[in-house]
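Beneath this line is the structure, given in structure tokens, with notes to follow.
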Amino acid sequence: MAETSWKNYKARNDSIIVDKFHGLLRSTISCFTDNSTSVTFDPFMYLSLPVYMKPTYYTTIVHTSKLVKILVLPMYKSGTIRDLKNIIATNLGMEHTNQQFLVSVLYAGILSRFYHDDEYLSVISESEILYVYHMEKIIYRVVTISHTIKGSQYNKGVPFVVTTPSQILSYKEVQKLIAESIHLMIKGDNEEGSVPEAQSLFEICIREFDHFGWIDKEPIKPDEELNFINIEYLNLIWHTEAYNLHPFEEKIKIEKSEAYLHNISPTSLYHCINHYLSTEKLDISEAWYCHGCKEKRQALKKIDFNEIPRILIIHLKRFSHGSQYTNKIEEFINFPLEDLDLSTFMETLPENSQKPIYNLWAVSNHYGSLNSGHYTCIARNHYHQSWFLYDDQKVSGVKEEDIVSKNAYVLFYVRKDEPSSI
């Protein structure tokens, strides 16, 4: 069947381009219901591979009304903030629907902004710590609380968030809101022991941002009322001895180190190919017409190599599209310069044929975004096998260790047994 498909294709498309650049994929679709299968063969000129991404492990500090918990969560950078919130809800045993989670990172000790649900996790470095706040009900305003130690201008510790029940609050009402969160931050999951009164721990001041940076106003007096129509940030000025009750900084460092250990192994081109050829469960919207059942069914789809071209072009799909954002995937893909062995991805090899083993001959790099970018090319010189960088009108030699980078976009491989005269 494969031979017939290829022969029919060649009859209509017989050229040196087909001989050198075209291969044949076998697609097998299997029905869930009666195991009926359909096999088709499709020519291809290049492989367009999704960039396989190992999960990135994010250190995440989650605040709820009942606990403060540090999680190290495996997430794909192609995922969204919404995906992160769903995983956190699962970890905490919460229903996913209508959960009020706010996600942010620290910038100079301040929660500078909260991320939208449709933003990609790739905008956040794995070295960052994510701060996630569960709000049971947002009645009036979300207020961010930061920390400094008395006599110091530097931010310290783990910020948190409270929601104000109304526009006008007394000092005691604000103090109570803060004390409820401080209680958790000081004791964590440990219910033993007592926490001193809030007024003996810190003073409260309003924090504002102007052209020169963050400014703390004078500490609020106990007889003052606060109008939260324009207040988004408060700062706690801790007494030195009281701040030592705050146990989280050292634990965060430990969890962050563990997350880093998960992230050091790079993704390889073999991962991408294996992911592309793995069995896929078709979505209901892609239901397949089963000739056994005589109706559309959900099915499994599997792609395999039947024939791999002599000159193999591999396109790495570095752009993903969401409902509001177009995202470039900056994942580093480690690809071999020599001996890319694809024999493990073929069920059978043609008789009297050598293994499909390839050497890299060129790589096209992309810098920038979908809207604006720049292309360069690195190619192997045919005569003395050295590598050169082609950047517009500039040509320069390049070291082998500089060829593989996160900017690689299109790879050009040639079979080792292909005559060098090409």
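Annotations for the structure displayed:
- Test: residue in segment 21-42 that is in contact with a Lys or Arg (Cβ under 7 Å, 6 or more places away or on another chain), more than 27 Å from Glu286 (Cβ to Cβ), part of a helix (DSSP H, G or I) and not assigned by TED's automatic domain parsing to the domain that holds Tyr120: no
- For the condition hydrophobic (A, V, I, L, M, F, W, C) and more than 32 Å from the chain's Cα centre (by Cα), Leu349 qualifies.
- Test result for Lys66, part of a loop (DSSP other than H, G, I, E, B), closer than 24 Å to Phe319 by Cα and touching a residue at least 60 places away in the same chain (Cβ under 8 Å): no
- Comparison of Leu49, Leu67, Leu73 shows that the only residue that is out of contact with any strand residue (DSSP E or B) (no Cβ under 9 Å at 6 or more places or on another chain), within 30 Å of Tyr115 (Cβ to Cβ) and of a type in the set (A, V, I, L, M, F, W, C) is Leu67.
- Test: residue in segment 100-112 that is assigned by TED's automatic domain parsing to the domain that holds Tyr233, touching an Asp or Glu at 6+ places or on another chain (Cβ under 6 Å) and of a type outside the set (D, E, K, R): yes
- In segment 254-311, the qualifying residues are those that are among the aromatic types (Phe, Trp, Tyr) and farther than 30 Å from Ala362 by Cβ, and the one that is modelled with the lowest pLDDT is Tyr260.
- Of all residues in segment 356-377, those that are over 18 Å from Leu389 (Cα atoms) have Cβ atoms under 7 Å from Cβ atoms of residues that are outside any strand (DSSP E or B) and of a type in the set (S, T, N, Q), 6 or more apart or on another chain, in Pro356/Ser343.
- Contact map, segment 3-19: first residue closer than 18 Å to Leu312 by Cα, second residue among the basic types (Lys, Arg), Cβ cut-off under 7 Å, separation 6 or more or different chains; pairs are Val18/Lys10.
The values are calculated or read from the model by the stated rules, or taken from the named source; none is laboratory data. Model, not experiment: these values are computed from the prediction. Quick reminder, even Gly has a Cβ in these numbers, built from the backbone with ideal geometry, and neighbours come from all protein chains shown.
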